[in-house]
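The values are calculated or read from the model by the stated rules, or taken from the named source; none is laboratory data. A quick note: this is a predicted structure, and the numbers were derived from the prediction, not measured. Every residue, glycine among them, receives a Cβ derived from its backbone with ideal geometry; neighbour counts consider all protein chains shown.
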């Protein structure tokens, strides 16, 4: 079977090299390079990508052997239907091996067509290394490599501000563009690159903060033989992602004209402030994940898809999102509903087995950042506690007992958190008093919450009630009763 190459692709076009990309990994190829490919095929961008590998060199050489081509599978829910489709992505023109082709890297800085710089070098990639030098070939850090490149471009075009670049990092850290710029300026000072270069960085280049969202599961290792049989060629760069995508770029509106992804029907937004979008994603998508996990798992389910399709848990999660999380967000309700429905559709993706236990890692700190803000804001606006979020909080405390029936749950969290729960649950005797003692201790753990949650009116009582129901009735009966009629005797005991 032949390896993927140009001869296997019909009507392959060559485009000017408009993009420098730091990172050859699965995410950028299934996200940014795919978007450029879509725009190219609609005659909207007409540019190609030059890729450099931030660390190592093997993948770049292998990618060049198949002419920068690779196959992308998108599989998931699309307009209510499970859809699996694939295409050959042709947007990468070549890869540059920084260890063997550093001169070619610097030559690219003189390319008048170059306009964009994308990156995804992991969360640790945007970091300053004081040992980097301008003379290194290459520098160790990604920002060091980038600073050397920009300095070369500054000289190549004699400081022409029109030849600056639009820098769009995709690393999963907040204010990623601002942090990248800050480090570049530190290198400019360390390397004595001069005030004119610093001025050019400020005036000629645009650094954008971003929010990226697409699940990319990567190379289909377990089914690659079946995949290649279907394709009819060998491709060691096959990458699998979900149908959904969201790209929010915080920057000037004119970027939409130069990167016209929205004209291609892509879910790419250029906005003045991405904070509401980040908050929406964290509260709805990540918040729902964290809130549903202990409830679903203790109910007896193992995956996200199982939970969303379940006749009891599915409606529970939907009501939690629409009735308790969305009302706490200051974003147009139509946008929130659209995003929430997309999230629920993504959760149903039959092609991805998203195990609840994998989501449960470090659940306490996740609840603090993802769900506690919604819970507190709901109370602030309504002077009442959101029942399902409080129930999920109680379920999380039950989950940290470390048992699902006779099955032991392998808990993963900070050791002090695990020690706290181990000590508290060792004193549980089935009484309401012992449940309240557990709740009071956990809610009062200020090292985690940065406040004593027991001081919030009625929260300790509300969590205690639900935790007692879970431990007394079992999760199935307890969750089915949420929102319904509780027994008067139980209410009286509390």
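Take the stretch 423-438 and flag every residue that is within 39 Å of the chain's Cα centre (by Cα) and surrounded by fewer than 10 Cβ atoms within 10 Å (Cβ to Cβ).
426
Please list, ordered by first then second residue, the pairs with beta carbon atoms under 7 Å, 6 or more apart or interchain, first in the stretch 362-380 and touching a residue at least 60 places away in the same chain (Cβ under 8 Å), second buried (at least 18 other Cβ atoms within 10 Å of the Cβ) and part of a loop (DSSP other than H, G, I, E, B).
Pairs that qualify, where the first residue is touching a residue at least 60 places away in the same chain (Cβ under 8 Å) and the partner is buried (at least 18 other Cβ atoms within 10 Å of the Cβ) and part of a loop (DSSP other than H, G, I, E, B), are 363/413; 364/413; 379/385.
Residue-wise test of (1) closer than 17 Å to residue 393 by Cα; (2) out of contact with any strand residue (DSSP E or B) (no Cβ under 9 Å at 6 or more places or on another chain).
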| position | (1), (2) |
| --- | --- |
| 254 | no, no |
| 259 | no, no |
| 263 | no, yes |
| 269 | no, no |
| 281 | no, no |
| 291 | yes, yes |
| 297 | yes, no |
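Tally the residues that are within 28 Å of the chain's Cα centre (by Cα) and part of a loop (DSSP other than H, G, I, E, B), restricting the search to the stretch 140-164.
2
Can you confirm whether the stretch 453-463 contains a residue that is in contact (Cβ under 8 Å) with a residue 60 or more places away in the chain, closer than 18 Å to residue 298 by Cα and surrounded by 13 or more Cβ atoms within 10 Å (Cβ to Cβ)?
yes
So which residues in the stretch 299-315 are part of a helix (DSSP H, G or I) and either touching a strand residue (DSSP E or B) at 6+ places or on another chain (Cβ under 7 Å) or free of Cβ contacts under 8 Å to residues at least 24 places away in the same chain (or both), if there are any at all?
306, 314, 315, listed by residue number.
Look at residue 418 and say whether it is in contact with a helix residue (DSSP H, G or I) (Cβ under 7 Å, 6 or more places away or on another chain), in a helix (DSSP H, G or I), at pLDDT 95 or above and surrounded by 13 or more Cβ atoms within 10 Å (Cβ to Cβ).
Values: in contact with a helix residue (DSSP H, G or I) (Cβ under 7 Å, 6 or more places away or on another chain): no; in a helix (DSSP H, G or I): yes; at pLDDT 95 or above: yes; surrounded by 13 or more Cβ atoms within 10 Å (Cβ to Cβ): yes.
For residue 418, the condition - in contact with a helix residue (DSSP H, G or I) (Cβ under 7 Å, 6 or more places away or on another chain), in a helix (DSSP H, G or I), at pLDDT 95 or above and surrounded by 13 or more Cβ atoms within 10 Å (Cβ to Cβ) - is not met.
Of all the residues that make up the stretch 347-377, how many are assigned to a helix (DSSP H, G or I) and in contact with a helix residue (DSSP H, G or I) (Cβ under 9 Å, 6 or more places away or on another chain)?
18
Answer yes or no as to whether residue 457 is assigned to a loop (DSSP other than H, G, I, E, B) and either closer than 28 Å to residue 321 by Cβ or within 28 Å of the chain's Cα centre (by Cα) (or both).
Spelling it out, residue 457 is indeed assigned to a loop (DSSP other than H, G, I, E, B) and either closer than 28 Å to residue 321 by Cβ or within 28 Å of the chain's Cα centre (by Cα) (or both).
Restricting attention to the stretch 465-474, does a residue exist that is touching a strand residue (DSSP E or B) at 6+ places or on another chain (Cβ under 8 Å), within 28 Å of residue 319 (Cα to Cα) and at pLDDT 95 or above? Lay out the reasoning, then the answer.
Going through the stretch 465-474, the residues touching a strand residue (DSSP E or B) at 6+ places or on another chain (Cβ under 8 Å) turn out to be none.
No, the conditions are met nowhere in the stretch 465-474.
Considering only residues of the stretch 378-390 that are touching a helix residue (DSSP H, G or I) at 6+ places or on another chain (Cβ under 6 Å) and not in a helix (DSSP H, G or I), which is farthest from residue 294 (Cα to Cα)?
Going through the qualifying residues, I end up with 385.
Which condition from (1) touching a helix residue (DSSP H, G or I) at 6+ places or on another chain (Cβ under 9 Å); (2) closer than 18 Å to residue 114 by Cβ; (3) buried (at least 17 other Cβ atoms within 10 Å of the Cβ) is the one that residue 32 breaks?
Of the numbered conditions (1) touching a helix residue (DSSP H, G or I) at 6+ places or on another chain (Cβ under 9 Å); (2) closer than 18 Å to residue 114 by Cβ; (3) buried (at least 17 other Cβ atoms within 10 Å of the Cβ), the odd one out for residue 32 is (1).
Against the definition (assigned by TED's automatic domain parsing to the domain that holds residue 136, surrounded by 15 or more Cβ atoms within 10 Å (Cβ to Cβ), assigned to a helix (DSSP H, G or I) and modelled with pLDDT of 95 or more), how does residue 183 come out, yes or no?
yes
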